[in-house]
Each structure stands twice: as structure tokens, then as C-alpha cells.
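All remarks here apply to the structure that follows.
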Amino acid sequence: MPPQLPPGVRIHHADDPHPTSTITANPNSKKHRSLLATTPFPMPGTTIATFPNPLLALPSGATMRTTCNYCLRPQQATKGAGAGAAPLKACTACQAAVYCNPDCQRAHWRAVHKAECAMFVRVREQAGKGWLPTPVRAVAQVLMLSSDNNKKGNGVREAFEELEGNVEGFRRDGSVRRDFELQAAAAVVYAGLLDTEETLEKAREVLCKIQTNAFNRLDADTGMEGIFLDAGLAMVNHSCVPNAFVGFDKRTAVLRAERPIREGEEITISYIDNTLPKSARHEALRLYHFQCDCPRCKDDLDVYEVCQASPAIPLNSFSLQPDLSKLRSPPIDRSKVSKAEIEAIYKKWQTVARPDGDDEVEHLKVAQARWELCRPLVEAKMWAVDPLPATIHELATRWQTSYKMVVYALPLLCFLSTECDPFTLVAPFMPWRIKGILAITKLLAVTGEFTASGELATRCTHEGLVGTLAMADQVSMCEALLRLAVHHGSIGAAEDWGVLKEAKAMLEDLESLVGREQESNLLRAWAKDPEDPEAAAFFEDQVLRPINTLSSFAVEALEAMLGGNSLVKK
């Protein structure tokens, strides 16, 4: 059964006798297929295609007890949503799968749960658990759905036969092969199938195809987890300089343009974190069994070089980094550190293991060691080159939840959003950048309370930080940041995305405040037209300038804290 593709894309076979002139076949695989745009997508953020009928869409592991097993909304996301705050209800038969409403339960029963309900009864009786590891459950679903006894069997079986599985590659990888053998055997047993070598081999093959083609739905900030597999979407190939990206709206995958795409151009996404150094990217791609030869890999381009060539730079005129000349000509000193040295730094950085517990002293030692390893990057002012942004982000995350350090998390987050993220993720509608903006907004709300109560000066010894926050209009700063988040979130994410919904709710609360009509009107005008002279001047003076000032304190705070000079008042 050929994959069902939405309008706007078509399959490109490597042996196509009439390939589009701008596309060449991947020399790494004789079975290579790709997706080509059959119409131009000139606007970044445009939806290229949606994939609403996946072969697999399930929550991960134990989260199947806190996530609707059909629409895949996490429990906390259903609270306050249109469906109300009703708790998830379990299937009365197996007590394992849970749902947010009867419609989801009926739809899931028809889709797959009719086949797997008895399996979870066996799991509870034999293992005493109400859930299965994600790969085991996914393989079991495929085996049961593709069986001769299932009416949907032929379609599922044919769809999986079409998928590339890299089976031989997984067989050659000893540790992966052993894991796959255990998971496949568990799937066969719990699915209630005959434990024959033929069935086990089929299960192992299915597992290889899931590993090769499924997407991870993980979004820790919204509680979203699980896997998604659609045969059409699986044909989108990888590039470390992609022109598209994938997001999820419940059980639908959405393919969006990251930059303008021409008619006939191959659509590509990144399977991994493509901002990592070259050797780390290639290691992350190991389980996909191909060697990436994209321009980023072929010429060993760093994040600044990729950014400089990005057609998405002009979109940043409405962002926290509107200085487009800085994005096109970053103020870095490449003479301070070579690309080979960066590779070595990253490898050493990875060996500095984080402590298992929450001991602050141990975490500080790790942060100090990693910061010192990144010293050449600091001297080169290459703030966006990993592992430096990862080091700063990890500290910012810890400080956000620390009673003593929460104030100092603010300049770190401002620094990441102005000096790191715009270079690594050039399009401002990318979800990670929106999350950064919302994180700053939340900390401004906290520090605003400290400022109003006079508590800020008792928490912080950094006079510049205290003075900047005391003089800043933190409410206007929050409103401007939320308008950025809502604008870009509406382009790059689903309307139901938890981060976007939270930003909209916070903005609505701010707009209801009395006595702020003039400021709000200026910010509305700025959001409508960032070049409006009066509104732009207000944003520059009341929002961007304090954000940049806070950002300028980040390195000083890091050097002080990681050098043993505490900025926290006793």
C-alpha cells in the first residue's frame, strides 16, 4: 500500500527516469526515496503538509497512565483546556490505557485498543504492571494489527513492508541487537503470539523499522512524550541545514517550512540536534545508518557560518535580536579556537558527568569544570557554539528553581535569547526560541514582585542587576515578550501547543490591567508594525535596552559564581 501523501508533496524515487532537475538521488542507498515540493512555499513557517492518520501514535512508557492514549494530550494539558478539567479515565477492561473523553476512547478502540486490550490484561497478570516500554508496545501493536485475523491487517502489513529498516545495520551493532532481541521477544509474548523464530524475526524487523522511521514527540515543557510514525512523513530525508521542521498537534504531525522552499526542491528536516559539532552529529546519526553529506557536514560549517547564509535572517527584525547586521557579521574571533579544538572541547565536556542527586556543591563543581573547558569559546566570543550554550542553559535551568539564585537566572536567559538562540535557530518562530522568551517573561514576573516588595536588594549583590530591574518597566517588558511569543508561536506551532496557550493566557491577564492603556497601545502598534516610529522607539527604550543590559551581566555573573565569588547575600 503506497503511503498517503497530502497535496503539495510527492514521492521521489532514486530510479525515477525523469527526476526534477534540482534534485539528485542519494548515492548512499539504492532504495532512497524523498519528498519534493510540487508547489513553492515562499513564506517560512508555512504549513507544507499535515499527517493526521499515522501508523503508530502512542505515549511513552508509564506516561500512558497520564496521557490520553488517543489524542495524546498530557493530563495537565487537558486541565483548563476546552475539554474541562475532568481526570483521565481508564479502560474498564484492562485499566491500562486512559482517555480524556468517551470519543477518544471509542476512536482508540477502533484504531488499535481492541487488539491490545487483552494484552494489557496479560501484562498485569504476568508482570504486575499497567504499562509497557514504548518500543515493546509499538511492536506488539504492529504485530497484532498486521495479523491475518485483523481486518486492518493487509494495510498495516503492506505499509510496514514499504518502510526502510536498516535491518542489517542493526544486526551488526552488538549492543543494539541484544536490546532489540529482548524487546522483540517481550512484544511477541505479551501480544499472545506463537513464540517461533519466524515471529521473532518479524518482530525484530518491525522494531528496526520503527527505530528508523518513527519520530520522538518529546516536549518536556508541555509534558508531551511518545512516538509517531507515518509512512509518508518517514520519507522526509535528513539534512543538518534543513528547509523544514516537524511539529505535533495531538495525533497529527505538521510539516512546516523553516525557510523559503522552491517548487521541485527536496524537503528536508533534521533528525538530530543539528547545532552540535560535526563528530557529535555523526554519532547521533549512527542509528540511522547513513553518512550525512549536507553542506554543513561537507564544509564543516559552524552555527555562525550557517546563520550568515540563512534566508530567514530578516524575520528577526521582529525579535529580541533585531540587529540583522550582527546576524550577518557576528562579532566573533575565530583565531582564538579552531574547529578541531571545538571538537576536542565537546568530547571532554561530555566526559564531565553530572551528579545523580541534587547536591548543589557537586553540581557547582561540574559547572565549573565545564565552564573552564569552554574558556577558548568564551575568549572567542563564540557564545552560540556548543557546548557553551548548553553549559549556560543548564545553569539557567537550575538557577530558575533555586531560592538563592533565581534572580541570576534572568540575565542568563536574556543572554541565551539574544546571543545564542538567534544564531543556532535563525527563524524566530522555532519552538525553542519561543520557550526562551516565555521563560524570561516568567522570571520578570518573579523579579517584578521582588522589586515591588523591596526584597530584590536583599537577595542580590549585583548593583547593576538591581538597578536595571528597579528602573525597568517590567510589566511592559512582559507584555512585549508575550506579544513576540504569541506572534511567532502562531506561525511555528499548533494552536493547542501548551506554551502558546500559556503565553496567550498571560497576555490576556496583562491586557486586563488598568492604568496601562498608553503602554499597551504602543506595544499593540509595535506588534502590528515594528517599524512604526513611536512604537518602535518605545520598544527599543523600554524593552530591548533593559533586556540587552540584563544580558550584558550574564558572563560577569557566571565568572563570579563559577570562580567562587558568590553574588548571593548571606
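Readers should treat all values here as calculations from the given coordinates under stated rules, not as data from a laboratory. This is a predicted model, so every value here is computed, not measured. Every residue, glycine among them, receives a Cβ derived from its backbone with ideal geometry; neighbour counts consider all protein chains shown.
For segment 120-260, what does the relative contact order come out to in percent, with C-alpha contacts under 8 Å and a separation of six or more?
Contact order relative to length: 19 percent.
Output the relative contact order of the chain, whole-number percent, from Cα pairs under 8 angstrom with separation of 6+ residues.
That works out to 13 percent.
Using helices alone, I'd like the mean residue ellipticity at 222 nm for the chain: each DSSP H run of four-plus residues gives -39500 (n - 2.57), total over residue count, nearest 500.
After summing the helix terms and dividing by the residues of the chain, the value is -14000 deg cm²/dmol.
At 0.36 nm per residue, and after removing the present C-alpha to C-alpha distance, how many nm does the segment from residue 556 to residue 221 gain when stretched out fully?
Gain on stretching residue 556 to residue 221: 117.8 nm.
Tabulate in residue order the Karplus-calculated ³J(HN,Hα) for segment 198-214, using 6.51 cos²θ - 1.76 cosθ + 1.60 with θ = phi - 60°, rounded to whole Hz; enter x for Gly and Pro.
Couplings: 5, 5, 5, 5, 5, 5, 5, 5, 4, 4, 4, 6, 5, 4, 6, 10, 7 Hz.
Given H placed 1.01 Å from N in the peptide plane, which residues other than close sequence neighbours of residue 289 have an amide H under 5 Å from its amide H?
Long-range HN contacts for residue 289: none found.
Taking the mean number of other Cβ atoms within 10 Å as a proxy for protection, how do you rank 446-459, 428-441, 544-557 from highest to lowest?
428-441, 544-557, 446-459
From Cα pairs below 8 angstrom and at least 6 apart in sequence, can you work out the relative contact order of segment 417-570, rounded to a whole percent?
Worked out over segment 417-570, it gives 28 percent.
If I stretch the segment between residue 114 and residue 524 completely, what's the gain in nm (0.36 nm per residue apart, minus their alpha carbon distance), one decimal?
142.5 nm
Which log10 I(q)/I(0) values does segment 56-216 give at q = 0.10, 0.14, 0.15 Å⁻¹ under the Debye formula, counting every alpha carbon as one identical point scatterer?
One equal scatterer on each Cα of segment 56-216 leads to -0.37, -0.72, -0.82.
Taking square-rooted eigenvalues a ≥ b ≥ c of the alpha carbon gyration tensor, is segment 329-449 rounded, prolate or oblate, where a/c under 1.5 means rounded and, failing that, a/b exceeding b/c means prolate?
Oblate shape, in that a/c is at least 1.5 and b/c is the bigger or equal ratio.
Net charge near residue 63, counting Lys/Arg +1 and Asp/Glu -1 over other residues with Cβ under 14 Å of its Cβ?
It works out to a net charge of +3.
Quick one: which of 484-492, 120-128 comes out on top by average Cβ neighbours within 10 Å, and what's the full order, highest first?
Ranked by mean Cβ neighbours within 10 Å, highest first: 484-492, 120-128.
Using Cα centres only, tell me the gap between segment 166-231 and segment 499-570 in whole Å.
46 Å
Taking the Cα centre of the chain as origin and charging only Cβ (+1 Lys, Arg; -1 Asp, Glu), how large is the dipole, in debye to the nearest 20?
1360 debye
Which aspartates and glutamates does residue 504 reach when only Cα atoms under 15 Å apart count, and residues fewer than 8 places away in its own chain are ignored?
479, 495, 496
What aspartates and glutamates does residue 348 reach when the alpha-carbon gap must be under 14 Å and sequence neighbours fewer than 8 apart in one chain are set aside?
372, 386
Any chance you could run the full-extension gain for residue 158 through residue 534? It's 0.36 nm times the residue separation minus the Cα-Cα distance, nm to one decimal.
Between residue 158 and residue 534, full extension yields 129.2 nm more.
What FRET efficiency would be calculated for the residue pair residue 375, residue 201, taking the C-beta separation as r and a Förster radius of 51 Å, to the nearest 0.05?
Computed FRET efficiency for residue 375 and residue 201 comes out at 0.45.
Which order, highest average first, do 170-177, 460-467 follow once you tally other Cβ atoms within 10 Å for each residue and take the mean per peptide?
Those peptides, ordered most packed to least, come out 460-467, 170-177.
For segment 56-216, please report how many Lys pairs fall under 24 Å Cα to Cα, leaving out neighbours fewer than 8 apart on the same chain.
12
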